[in-house]
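Working notes for the structure below.
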Amino acid sequence: MTDFHRIKRLPPYVFEQVNRIKAAARNAGADIIDLGMGNPDLAAPKHVIDKLVETAGKPRTDRYSASKGIAGLRRAQAGYYERRFGVKLNPDTQVIATLGSKEGFANMAQAITAPGDVVLVPNPSYPIHAFGFLMAGGVIRSVPAEPTAEMFRALERSVIHSIPKPIALVTCYPANPTAYTASLDFYRDLVAFAKKHELILLSDLAYAEVYFDENDPPPSVLQVPGAMDVTVEFTSLSKTFSMAGWRMGFAVGNERLLAALARVKSYLDYGAFTPIQVAATAALNGPDDCIREMRETYRKRRDALVDSFSKAGWDFPAPQASMFAWVRIPEPFREMGSLEFSKLLVEKASVAVAPGIGFGEHGDEYVRIALVENEQRIRQAARNVRRFLETAEKTLHNVVPLAARG
């Protein structure tokens, strides 16, 4: 019963190993400060919840909904793109509501992938970017995640040496887990590359509104002239409005690609519960002061994280966007890898983080720290880590091999 073809293509879910240790520690009475999962702890906006309550219970809203989203919601998403990015979308043909961006991404992979198709995916990257295609029968070729000239050199090599030729390229900026950001100039080069090599461009823009420089908001690749010819972009209300559990996202862009996604979805679901779609419409059409408050909360948490962990002896750069810090494991622990280090942090410091190996083999010297606890708890986590780092060489030398300090 364990030999199912698609299940065999998936690696062990490394985050679950940390979760088990975390649960055991909590059962033993430990106060675990969980900075592992990017699960927003902020409340959804009141006007959005009010609209959900107002709509729920009306008989018509209990019926099947529309697989690609109700018309008002698709119009609201098109309105958001025009206000935020200056991009005009036809809500009937260029916008699809999805059950979160993750579902949309996975079903797009199902729609466009034939067995053996090669897809270029950043490494490290959010797991669904690779495994959506693996489950669809595709083959992954890794490229660097950082938006630099080296990424383009790797892309060129991948196109030249891949047989068959790649069909698609995945991007994610602001990036999960690395928090890298991309400029519009980078996107111009990316669109030109995709067109030159006849690649589909799939952009994950879930963290579009989580940024810390008000003068430099992350762009959309669809702002590039001609990008619509080859691109589908995925967004989400999960982080923007702290609606992660509501499972509401969007795919926008090329009509032909979205028609394929709509066809797949029509066989699989009837869309989100209508009151959720109505409330999501209210979120997109409503005031944006809640978005600014969300950004300010994460900015304060980021500043507290960088300040307190630096004082604890773990220096890392301040992320410019996303709700994550992507940090290299302290040198004495680097050889043990991110999974064992993450387990150690739970056991010895009562702090949970996400092991970098869960995002690809090139992430194994890193861990991802999520800004999902308040500033006080973040500083408490730093104090725990400081005690752990100060005593580790004396207390752990018989337990795990520690590299000698330079």
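The values are calculated or read from the model by the stated rules, or taken from the named source; none is laboratory data. Computed from a prediction, not measured in an experiment: that's the story for all the values here. Every residue, glycine among them, receives a Cβ derived from its backbone with ideal geometry; neighbour counts consider all protein chains shown. Side chains included, ligands, DNA and RNA excluded: accessible areas come from the protein's heavy atoms. Shrake-Rupley method; radii C 1.70, N 1.55, O 1.52, S 1.80 Å.
Give me a count of the residues in the stretch 286-320 that are of a type outside the set (D, E, K, R), under 24 Å from the mean Cα position of the chain (by Cα) and closer than 21 Å to residue 77 by Cβ. Looking only at that region, the number is 3.
Going by what's in this entry, would residue 174 be described as under 21 Å from residue 357 (Cα atoms) and either out of contact with any Lys or Arg (no Cβ under 8 Å at 6 or more places or on another chain) or in a strand (DSSP E or B) (or both)? Answer is yes for this residue. Select from the stretch 325-343 the residues that are open to solvent by 10 Å² or more (accessible area, probe 1.4 Å) and either of a type in the set (A, V, I, L, M, F, W, C) or at pLDDT 95 or above (or both) and write down the one among them that is farthest from residue 177 (Cα to Cα). My answer is 336.
When you scan the stretch 221-237, do you find a residue that is touching a residue at least 60 places away in the same chain (Cβ under 8 Å), part of a loop (DSSP other than H, G, I, E, B) and surrounded by fewer than 23 Cβ atoms within 10 Å (Cβ to Cβ), even just one? No; the residues of the stretch 221-237 include none that is touching a residue at least 60 places away in the same chain (Cβ under 8 Å), part of a loop (DSSP other than H, G, I, E, B) and surrounded by fewer than 23 Cβ atoms within 10 Å (Cβ to Cβ). Of the set (1) open to solvent by 70 Å² or more (accessible area, probe 1.4 Å); (2) assigned to a helix (DSSP H, G or I), all apply to residue 216 but (2). Quick one: would you say residue 332 is assigned to a loop (DSSP other than H, G, I, E, B) and in contact (Cβ under 8 Å) with a residue 40 or more places away in the chain? So residue 332 does not fit the description; no.
Within the stretch 71-82, is even one residue in a loop (DSSP other than H, G, I, E, B), open to solvent by 20 Å² or more (accessible area, probe 1.4 Å) and touching a helix residue (DSSP H, G or I) at 6+ places or on another chain (Cβ under 8 Å)? No - not one qualifying residue is present in the stretch 71-82. You will find that of 6, 26, 20, 60, the residue that is open to solvent by 40 Å² or more (accessible area, probe 1.4 Å), over 29 Å from residue 177 (Cα atoms) and not in a loop (DSSP other than H, G, I, E, B) is 60 and no other. Take residue 162 and tell me if it is in contact (Cβ under 8 Å) with a residue 24 or more places away in the chain, surrounded by fewer than 18 Cβ atoms within 10 Å (Cβ to Cβ) and within 21 Å of residue 112 (Cβ to Cβ). Taking the combined requirement at face value, the residue satisfies it. One residue alone among 157, 141, 188 is open to solvent by 20 Å² or more (accessible area, probe 1.4 Å), under 20 Å from the mean Cα position of the chain (by Cα) and of a type outside the set (S, T, N, Q), and that residue is 141. Among the residues of the stretch 344-366, those identified as closer than 21 Å to residue 32 by Cα and open to solvent by 60 Å² or more (accessible area, probe 1.4 Å) are 347, 348, 366.
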